[in-house]
Amino acid sequence: MDQQKASEKQIIIIGAGPAGLTAGYELAKLNHRPILLEKDDQVGGLARTESYKGFYFDMGGHRFFTKVEEVKKMWQEILGQDFLRRPRLSRIFYNGKFFDYPLKPVNALFGLGFWESIRIALSYLRWQLSPYRHEESFEQWVTNRFGKRLFEIFFKSYTEKVWGISCAELKAEWAAQRIKDLSLKTVLLSMFIKPKKTIKTLIDQFDYPRRGPGMMWNAVKERIERHGGEVRMNAGVIGIHRNSNGIESVVVGCNGNKETIRGTHFISSMPVTEFIKRLDPPAPPAVLHAAEKLNYRDFLTVCLIVNKPDLFPDNWIYVHDPDVKVGRIQNFKNWSLDMVPDPTKTSLGLEYFCTEGDTLWNMSDDDLVSLGRRELDRIGLTSASDIEDGCVFRVPKAYPIYDSEYRDYLTIMKEFVAGLPNYQTVGRNGLHRYNNQDHAMFTGMLAVRNMMFGEKNDLWSVNTDSEYLEEIHDNVDCEPAVNTVKEAFAQVFSKLDRVAFGLSIGTVCGILLFLATLVLVLKGGDVLGPRLELLENYFPGYSVTPSGSLLGLGYGFFSGFIGGWCFAFLRNTSAFLYMALLHRRAEHQLLRKLLEYV
Amino acid sequence: MAERESLEEIVLTRLVRLNASLQGIVTGLVAGLGVFIATNWLLLQGGDVVGPHLALLGQFFIGYEVNFVGSLIGLAYGFATGFLVGYSVSHIYNWIAERRENKQKGRS
């Protein structure tokens with residue numbers, strides 16, 4: 001694209017998180033000079049890296065793991081040698097003990113002790129024998145599959161910490177949705193196709209920038225600026241003007257001043273709800289109402305510097321202890337040694353899930369550091385006296401909430417946004433989707449392709465609901481073999497027609513008996529077929545005579561039909577039960593990974 | 001297989017087809033080996049009169065006797081008969097299943 005053509009477009013990108021920066025970078029590579037507007041004082045959005053006294057803190061912990069080739073290429077392009085391959089370890093911390101994650105039965109039972117294991121087994125049996133008839137809540141849904149005791153230990157407290165509502169109130173569909181993609185194909189193939197070694201490696205390991213994701217996003221910012229683009233910090237968009245052609249300009253508030261920036265094309269990663277609320281003239285009431293109804297979950301990280309070289313080997317741990325508020329603890333040194341300036345110290349990020357404006361969110365930083373210190377001491381990871389310093393970072397709108405009504409409201413907003421031809425919304429909050437960093441980046445890339453090359457990529461369809469299943473799907477991602485095996489499965493597991501099988505067996509049995517009788521009759525002799533005639537005990541009237549052969553034909557057909565029908569029935573039933581068993585196993589395997597999704 | 005048809009749909013709606021030759025060979029092998037093993041089992045057991053009842057198979061399988069050579073002849077006869085049975089069952093089944101499936105499709 002030549003310079004003149006590029007200058008025809010004035011592209012404004014709202015938000016300098018992964019999606020916005022990726023879009024900016026792609027545009028810069030095409031010789032455009034986009035203007036990026038970021039409300040914070042640093043880039044990276046939800047994937048930013050904060051720093052305090054030389055320690056780096058990744059907000060949320062971002063594994064760099066993707067199946068999107070374009071994204072992988074960009075990571076390598078930007079980071080080069082600073083892109084590290086790190087081992088992955090994340091376990092559950094409960095009652096002073098570590099449990100493997102995903103849950104492994106033997107490890108869990110050893111860790112919980114004999115009596116607790118007995119309780120769990122009895123509880124499992126009890127709920128298998130007499131499950132909830134209607135699975136309306138998440139609690140009922142999980143209990144029916146794992147038993148109440150296991151639910152209480154491994155699901156209840158963490159889920160409630162993350163989402164802030166009781167598991168009895170959380171809808172069962174929420175969990176059911178997580179495994180809706182568990183197709184029969186996946187289940188069957190995963191039983192028979194060996195996982196790819198390379199994929200397995202990526203599950204046990206991940207890539208990570210030497211100084212956290214912020215290192216990546218700062219480098220992208222520099223590259224955009226080097227290409228003539230502009231990244232304005234502390235530039236929150238407070239108004240968006242629209243006309244019949246779409247978006248006309250945005251009003252930016254910066255240090256108390258307002259500035260209107262006109263553009264021809266707009267890409268935004270700001271929360272779609274915020275975008276709707278800032279429109280001028282305002283969006284229709286139904287759209288505004290929908291924007292009011294979408295909710296988010298926020299979190300804050302209490303960052304603590306511990307005067308110890310090593311605490312635990314995990315990258316992060318899930319804290320299931322219901323007596324403490326902390327939900328997850330990041331050990332940044334295990335993400336990258338360069339996250340910590342002094343090797344004799346360790347930096348932890350205690351993640352508290354909350355809602356903007358609630359008690360936890362409003363606590364002072366000092367109080368939060370004290371809380372973190374106390375809780376760390378209480379669960380026994382380290383003593384309070386070893387903690388020498390701390391700070392707090394708040395991350396608003398970290399998780400879009402999928403409640404029972406969100407889909408309807410999101411549809412209203414999607415339809416409205418579709419009516420703005422020069423505007424595209426990208427990223428996790430722009431699309432209100434539980435997207436990971438890589439998918440957010442990919443939406444930025446696709447938005448640029450739509451804008452520059454007239455492609456019709458649907459950004460709303462880039463999502464990570466299926467990503468939750470990535471590992472089980474990866475295990476069976478052997479495309480050349482898949483179709484052949486699928487064909488074979490279709491052959492093996494399709495139903496055997498009971499009537500057709502009965503008729504065919506009946507026909508052959510009838511003819512065999514008919515011929516056997518007739519052969520003996522034709523051979524003749526004083527006593528014809530004394531042994532075959534014993535069949536009369538079962539087939540009244542049968543004899544080794546010409547007329548008996550006809551009767552034998554009928555009897556043979558009849559008994560053969562019943563035998564064949566029953567065989568087909570039993571074969572179909574056992575095939576179905578086998579498939580159901582496989583499905584159940586795969587469902588359990590997947591559910592063990594539910595916490596990561598939570 | 002239609003590209004968009006999921007395995008669930010196939011499994012739940014389609015009827016399995018039997019491979020007649022394969023079915024014939026399998027049934028033939030089972031029947032042939034059955035006769036072969038049954039004959040030799042009686043030979044190993046021994047006795048004054050060896051396998052008087054099994055010897056009745058000679059009425060249908062000309063040349064069959066309860067001795068080792070007979071067991072080989074029985075193997076061949078058993079295989080041939082089994083093959084015919086398996087092959088015929090599969091052919092008849094496939095023919096009926098095809099017609100029933102078409103009829104069902106026509107209705108829907």
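Read the figures in this text as sums done on the coordinates, not as results from a lab. Owing to the predicted nature of the structure, the values given are computational and were not obtained by experimental measurement. Heads up, the Cβs are rebuilt from the backbone with ideal geometry, glycines too, and the neighbour counts pull from every protein chain shown.
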Original post:
Averaged across the residues of B:79-92, what count of C-beta atoms belonging to other chains lies within 10 Å of each residue's C-beta?
Top reply: 3
Original post:
Between Rg and the Kirkwood Rh of the protein assembly as shown, both from Cα atoms, what is the Rg to Rh ratio?
Top reply: 1.15
**OP:** Quote the FRET efficiency, to the nearest 0.05, computed for residue A:308 versus residue A:107 with a Förster distance R0 of 30 Å and r equal to the Cβ-Cβ distance.
**Re:** 0.70
Original post:
With +1 on each Lys and Arg Cβ and -1 on each Asp and Glu Cβ, how big is the dipole of the range A:345-464 about its Cα centre, in debye rounded to the nearest 20?
Top reply: 520 debye
Subject >> Helix axis angle, B:68-107 relative to chain B longest principal axis, alpha carbon, degrees >> reply: 20 degrees
Subject >> Residue-span extension gain [residue A:574 to residue A:344] - 0.36 nm each, minus C-alpha spacing >> reply: 76.7 nm
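In the structure displayed, which of A:29/A:277; A:104/A:397; A:53/A:345; A:221/A:456; A:67/A:293; A:171/A:397 lie more than 24 Å apart, Cα to Cα?
Result: A:29/A:277; A:104/A:397; A:221/A:456; A:67/A:293 exceed 24 Å.
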**OP:** With only Lys, Arg, Asp and Glu charged, each at its Cβ (+1 for the first two, -1 for the last two), find how big the charge dipole of the protein assembly as shown is about the Cα centre; round to the nearest 20 debye.
**Re:** 840 debye
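Using only atoms on other chains, find how many Cβ atoms lie within 10 Å of each Cβ of peptide B:56-62 and report the average.
3
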Original post:
Using the count of nearby Cβ atoms within 10 Å as a rough guide to exposure, how do A:269, A:364 rank from fewest to most?
Top reply: A:364, A:269
**OP:** Report the convex hull volume per residue for the range A:1-96, counting only C-alpha atoms, in Å³.
**Re:** 165 Å³
Original post:
Which percent, to the nearest 5, of DSSP beta bridges fully inside the protein assembly as shown are antiparallel?
Top reply: 75 percent
Subject >> Rounded tilt (10° steps) of A:69-79 against the dominant C-alpha axis of chain A >> reply: 30 degrees
Subject >> CD proxy at 222 nm, helix term only [per DSSP H run n ≥ 4: -39500 (n - 2.57); per residue of the protein assembly as shown; nearest 500] >> reply: -15500 deg cm²/dmol
**OP:** Return the average number of partner chain Cβ atoms within 10 angstrom of each residue Cβ along peptide B:16-28.
**Re:** 2
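Would you work out if the range A:210-347 is rounded, prolate or oblate? Take a ≥ b ≥ c from the square roots of the eigenvalues of the alpha-carbon gyration tensor; rounded if a/c is under 1.5, else prolate when a/b is larger than b/c, oblate otherwise.
Oblate.
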Original post:
Once the Cα atoms of helix A:406-418 and of chain A are each reduced to a long axis, what angle between those two axes, in degrees from 0 to 90 to the nearest 10, is obtained?
Top reply: 60 degrees
Original post:
Under a plain spin-label model, where a point goes 7 Å from the Cα along Cα-to-Cβ, how far apart in nm are residue B:50 and residue A:359?
Top reply: 9.2 nm
**OP:** Can you bin the range A:62-167 into rounded, prolate or oblate? Criterion: square roots of the alpha carbon gyration tensor eigenvalues sorted a ≥ b ≥ c, rounded for a/c under 1.5, prolate for a/b above b/c, oblate for the rest.
**Re:** prolate
Original post:
How high is the FRET efficiency between residue A:241 and residue A:384 when r is their beta carbon distance and R₀ equals 51 Å, given to the nearest 0.05?
Top reply: 0.45
**OP:** Just order A:408-418, A:432-442 by mean Cβ neighbour count inside 10 Å, highest at the front, would you?
**Re:** A:432-442, A:408-418
Original post:
Distance in nm between label sites at residue A:118 and residue B:43, each 7 Å beyond Cα in the beta-carbon direction?
Top reply: 6.1 nm
